[in-house]
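Enquirer: Pasting a structure here, questions to come.
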Amino acid sequence: MGNCFKRPSSSSSASSPSPSPSPSQHTELSATTSHTHLNSSSFSNLMTDSIFSKFYDSIKTPTTSTTPKNTNCNHSPDICEHSFIINGPSACSNFPSSKYTHQQMIPLGKIQEGKFLNDDDRFEKQHAFYHYTWQANFLAPVHDQLRLSNSRVLDIGCSTGEWVLDVARKFPWTNVWGIDSSSVFPNSTPLNATFLHWNILDGLPIVENIFNLVHARCLSSSFTETEWEKQVIKEMVRVTKPGGWISLMEVDGVYLNEGPVTAKLTGGMRSLLLEKQIIPVILPLQQRLLKSFPQLTDIQTYEKFPPLGSRAGRAGVIASNEFEKTFYDLSKDLATFLKITEEEYQLLVKKSLKEFNEYKTCARHTRILARKKQMDVNIEGDDKGCSRI
């Protein structure tokens, strides 16, 4: 382990720490372990002392792509039907340029159709669905960098680690780190995958400028607008190395072609989140924040509108199940907010699912990329100062 991590300052230590998981959930770092889990206390010994915007009406209707539609596109029409790319390079209007999509997609046929049996099964299906929708784990053009032995990737809010594990297996020479404030990490991982129990709001215990790719997915409801502005994006920029990329992917609160019941549920969800100072349509905020950093350039935005319901085949069923699970999880809070009983609320969810095929409802997925500018000076955290993790 190289000199790549910093010890939290006294002010950071004084803040309320994340609860430490039990010893059985974590294994100390060693050369022989098949997987590495680190919490804040065990990790501290390895550190050095160095240191909404309102959602806009235009997104309710798919905008035209900046690239003419390629009639030769042979991607699945179930996924491509409402897919668009804005402010970014593309080979066709349905999917990003082929130079971003060389990774083999996960066949949805291998995923059992039907209800989610448990949260682990749910997250596995989520990951497969997102990969299938975008035909890649990430769109940033860092594939050549990740084939080098000193390359590093960080996933913020990694949850059960599906994305981390997938990237680690596809790029065995890259060291892939997952960080999350809850320790729900996998028990078995590749040697080049590491998980850290940590809250980004406490400041990442990592020196600046060391990651080729800093990735985050589905975190819009995890942070308030102030936290995004003051801490989250700032920390992501700080630890990205010059020439490296930041990648943010979200499934926001916008649904196209909603039926009346679906519109009541999603509108209630957006209003409830706003009451909690959480931005339900995060893309405008992320765009504004990334553009506010002078060291970032090549900011690119992508949107996709995958359909829900059985009309879209297995992918649509998985998307519908995720919608159902998400809104059932909100039963108590959202029923109270809508001033109805939980039984009435659950009936609304069931009615909403039946609307998807009739109204051809689609969700909205977004990705935004930004590259950190190259710097001529030698910076702390450069490869010369950090051995391979």
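Enquirer: Whose amide H sits under 5 Å from the amide H of D252, counting only residues 5 or more places off or on another chain, with H placed in the peptide plane?
Expert: Here the answer is R364, T366, since their amide H atoms fall under 5 Å of that of D252.
Enquirer: Sticking with this structure for a sec: For labels at E124 and I340 in the simple 7 Å Cα→Cβ model, what's the distance in nm?
Expert: Distance between label points: 3.4 nm.
Enquirer: Another one. Could you tell me which of rounded, prolate or oblate describes region 129-254, using a ≥ b ≥ c as the square roots of the eigenvalues of the alpha-carbon gyration tensor, with rounded for a/c under 1.5 and, failing that, prolate when a/b is larger than b/c and oblate otherwise?
Expert: Here region 129-254 falls in the rounded category.
Enquirer: While we're looking at this one, here's another question. Name the residues whose placed amide hydrogens come within less than 5 Å of the amide hydrogen of K360, ignoring near sequence neighbours (fewer than 5 apart) on the same chain.
Expert: Long-range HN contacts for K360: none found.
Enquirer: Right, something else. I need the calculated FRET efficiency for the pair W173 and Y328, taking r as the beta carbon distance and R₀ as 35 Å, to the nearest 0.05.
Expert: Numbers: r = 42 Å, r/R0 = 1.19.
According to the calculation, E is roughly 0.25.
Enquirer: Another one. Using the heavy atoms of the protein chains alone and a 1.4 angstrom probe, what is the accessible area of region 222-364 per residue in square angstrom? Kindly include the intermediate steps, with their values, before the conclusion.
Expert: On the way: 5630 Å² over 143 residues.
About 39 Å² of surface per residue is accessible.
The values are calculated or read from the model by the stated rules, or taken from the named source; none is laboratory data. Bear in mind that the values here come from a model prediction, so they are computed numbers and not experimental data. Cβ: placed from backbone, ideal geometry, glycine included. Neighbour counts: every protein chain shown. With ligands, DNA and RNA removed, areas are computed over all heavy atoms of the protein, side chains included. Shrake-Rupley method; radii C 1.70, N 1.55, O 1.52, S 1.80 Å.
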